Structure formats: C-alpha cells, structure tokens
1. What's the Kirkwood radius of region A:87-163 in Å, using all Cα pairs?
2. Using amide H atoms built 1.01 Å from N in the peptide plane, name the residues 5+ places from A:Phe216, or on other chains, whose amide H lies under 5 Å from its own.
3. Would you please calculate the Kirkwood hydrodynamic radius of region B:62-152 over all C-alpha pairs and express it in Å, rounded to one decimal?
4. Convert each backbone phi in region A:127-137 into a coupling constant with the Karplus relation 6.51 cos²θ - 1.76 cosθ + 1.60 (shift: θ = phi - 60°), then list the ³J(HN,Hα) values in order as whole Hz, x for Gly and Pro.
5. Sort A:Arg40, A:Arg213 by Cβ crowding within 10 Å, fewest neighbours at the top.
6. Arrange B:Trp98, B:Trp52 by Cβ neighbour counts within 10 Å, fewest through most, would you?
7. Between B:Val194 and B:Leu14, with labels modelled 7 Å along Cα→Cβ, what's the label distance in nm to one decimal, could you check?
8. Mind checking B:58-65 for the average number of partner chain beta-carbons within 10 Å of each residue's beta-carbon?
Amino acid sequence: MSIDRRRFLTVSAASLSSAVLAACNANPRSAAKLLAFAERRNIGVEEALFRHDAMNHVPAAAALTGNAFPKYFVSKHVPMWDAAQRGAWRLEVSGAVRNPVTLTLEDLQRLPAVTQKVDHFCVEGWNARATWTGVRVSELARLVQPTPDAGYVDFAGFDEGYHESWDLESAMHPQTLVAYGMDGRLLGPGHGAPARVHSPVKLGYKNTKYLTRVVFMPRRNGGYWTDQGYEWYGGT
Amino acid sequence: MGELVKRNHWVVRLTHWVNVVAIVLMAGSGMRIFNAHPAFARPGERFPLNPWEGRPIPAWLTFGSWLGGARHWHFAAMWLLVANAVVYVGFLALHGEWRDVTPRRGDARDTLEMLRFYLFRRKDHPRQGKHNALQRATYFAMPVLGLILVLSGLAIWKPVTLGFITALFVNYKWARVVHFTAMALLIVLSLVHVFMVLSVDPWSLRSMVSGWYDPTRSPEARNARPFLHLFARGRPDADASPEQAAP
C-alpha cells in the first residue's frame, strides 16, 4: 500500500510539474503557432458576432474627456501637415473601387456630416469620451463604389507610415467616421489633424490619425501595431 | 487501512486540472493586460474605490510578457476555460453530482459549526457528506465567479458588439472593475482551497488524481483541523461508506 501511495505521489508530482513546465516554458514556436491559430478562429467569431445595428451608446449627460483625452503618435514630434512643402492636404480614396477620388478638406466637409458622442476604447484598457464630427466611411464608399472583391480597407496616414487595415464590415459600420472635428472644434494636431479615422467599433490603435489614404483592397495588409504582434482585428 | 472508495469521476478529475491550467493562464495574462493601464479611472477622472489606483501588479505574478502577447494568451485560453467549464457543469448536471457542491437547507448553521470547530469552539468534527458546508459554499462560489468573469470578460472584449452584456455591468469601466474583482476573489478562494487541502485533507489530492479515497482518512474520521491529526485514522464517515450505519 505504501509503495502504491509513493508511486501515486511520484506520478502525480511528475505529471503536475510537466504540465506546469509545459504551460510556463512552452516552446515559443509551438506556442506562437497555437496563438496564431486561436487568433484566426477568434476573427471568425468576431466577424460572425459583428452587427451594424450594434452601436456604442454614451449617455447624453456623460462628461467628455476633453483635454485629458490622450494624444499619441509614433513620430518623434507631433505630425503636422506642411502645406508649404507638400501642397494642400488631400485625402485619397482609392484601391479596388470604380471611381477613385481625391478630396480636399473642404470637399470632405461638404459631404454629409455626422456628429456623435462615443467611447474610444484603448487596447491598454482605458476608455475616453469625445464628440466626433466627420463623414461616414460608408459615405466615402458610396462615392467611390468599391468593387465586389474589396473585402478590406487600409487607412494610412502621414505619421511615419502609420496605417491599419480593417475588415470592410467594420469600416462600413455607421459609427465609423473620417473625423475632422472633435468636441465642436476642428481636430487638433495632437488628435490627428486634419482628419483621422474614429470609430468605437475598433480599438484605438486601429483608428489611424493624420489620415491621407483610404484604400479598398481584396486582401488585408496588416498595420503599424498589427505588424508588431497586436491582434489584426482589434474589434470591440 | 480502510477500504478505498472511488471518490471523483475521471471527468471531474480531468476538468479540475485543466481548470488549474486555464485559470493560471487567464489570471496571469489578465493581470499583464491590466498592467498596461493599472487603473480603473478614465483619463482625467479619479477612482477612489481602488486604493492602489495606478500601481501595477508585480510582474512575476503576470504571464504573457507584454500587452499584445498577454492578450493573445487571454483570448486563446478563454476557450479552454469555457469549454472545460461546459464539460464540468454538464457532467455535474447529468450525473446529479451538483448536489455535492450546491448550498442546501441548514448550510448556514453547518457553516457556523465548521467555523466553530476550526476555531476550537467545538470538539468534534461536524457530520458531513462528501464536503463540509464551507467547502460546498466555496465550490459553489467558484463557478459562479467563473460565470461573472466570463460575462464581464465578454462585456470588456466586445463593449459595442455585445453592448447589451456590457450594460449588465452599467458600462465598460464598471465591467472592468467587476472583472478584476471577481478574478481577485477567485484567486483568494483558490489559495484558501489549496491551503485547506494541504493542511487539512492532503489525502484528497489522491482522489483528485486517481479518484481513490480512503474514508478512514477523511477529515471527519481524523477530526482534522489545519495541520492537526494529519496522519491519524478513524472510523469511515457516513458518506464514504453509506452501507455502514451511523452509531
């Protein structure tokens, strides 16, 4: 009996410790494979759950984050569009579309505008609230007529080549804007002036600031943070 | 020695140890995610309910090494946790063993008696079935906390797409508070559980691995309090050998 017990203790200790080792000290390559597999499956789940009528609601009485709204960019200094050197800022909407367009800020502001008070969800875990004014990406799509093979949209800006690609469905969500106004004023340089993507349906890092190009694509092409290992989908 | 009895079905044993792995992965990676912004206040706001607002969790307690990595682990291990929970709860429901781990009439009194026993206010171990009232409360609370964790987790993961779940917790910020608090409670219960297993009934470890249990080693048979009568033997308790009538 005591041998039995000893054997039992040895076996259970051995199997427990190997399980713990497997969990803590997993071969990085097989762990990475497993995690990549899980991410692919999760994208399927997330796309299946996604609905255009599932909207973000912020109570009308809720306080705006205002000046405390974090500003961030990847360049060393606040990216500013230098019109003297680069000419007037323009937004290119192109790619897999029938009718590519290039819009000045005035063109953009003449398009049907939406003003919405929504959450901004950061990947770090905080959320902030602002009122954004801009044009729905779906409105831009109406202008340029994406071809049927366009399943993705890349949003690129002039912040050191920052870009993030989205699934078409999230880009077409009614709360996904190319925003040029924030809290009743024109967008400031710290928040992506002159125009940026803003949507509560994606985490902050998917919302490209300092926007210059909206490119419809048959394939996704990663993104600034996605290429560094954050989830590509990044949906909320 | 007494006759061994099969105490835990293999499904219970398997799901128990898978759960250990899943909870360690989820709690470790969750705390690493939390450390990216170890606060509950929104920017520019305050959150006085958390006395450690802004202070990160010690890195050695976390898993996943960086925010993106920990998120990948968290969103992968969540399926292990949920699938395992479905098997466990489904098994308990189908086999009727849920009765061993759900509160029953008289549990308030029995809980008090167990506490009195552990505090030496009572000499003999209260009569019990498979588990005492404190264990039943714990083993019931754990899956309830798990359910709260899954719901508040969905509320944080998909605050727009699953906004109706987020609304159950008021909003995103409070869902984070609930998610974190439920995690902390689950970890505390788990640590108490491990402490009690090792100090009161280490013999039950065997029943959670091979399934076999020696009823003469039950805490009731040994009149065992933490660290006391660890190696004693006694009369098998009523539940472990039901054919034996109580004296």
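1. 14.5 Å
2. A:Ser94, A:Gly95, A:Ala96, A:Asp154
3. With all distinct Cα pairs of region B:62-152 included, I get 15.7 Å.
4. Computed from phi, the couplings for region A:127-137 are 10, 9, 10, 8, 9, 9, 10, x, 10, 5, 4 Hz.
5. Result, fewest neighbours first: A:Arg40, A:Arg213.
6. B:Trp52, B:Trp98
7. 2.5 nm
8. Whole-number average of other-chain Cβ neighbours for B:58-65 is 0.
We did not get these values from a lab; they are worked out from the coordinates using the rules stated. As the structure is a prediction and not an experimental result, all values here were calculated from the model. When we count neighbours, we look across all protein chains shown, and the Cβ atoms used for this are built from the backbone with ideal geometry, even at glycine.
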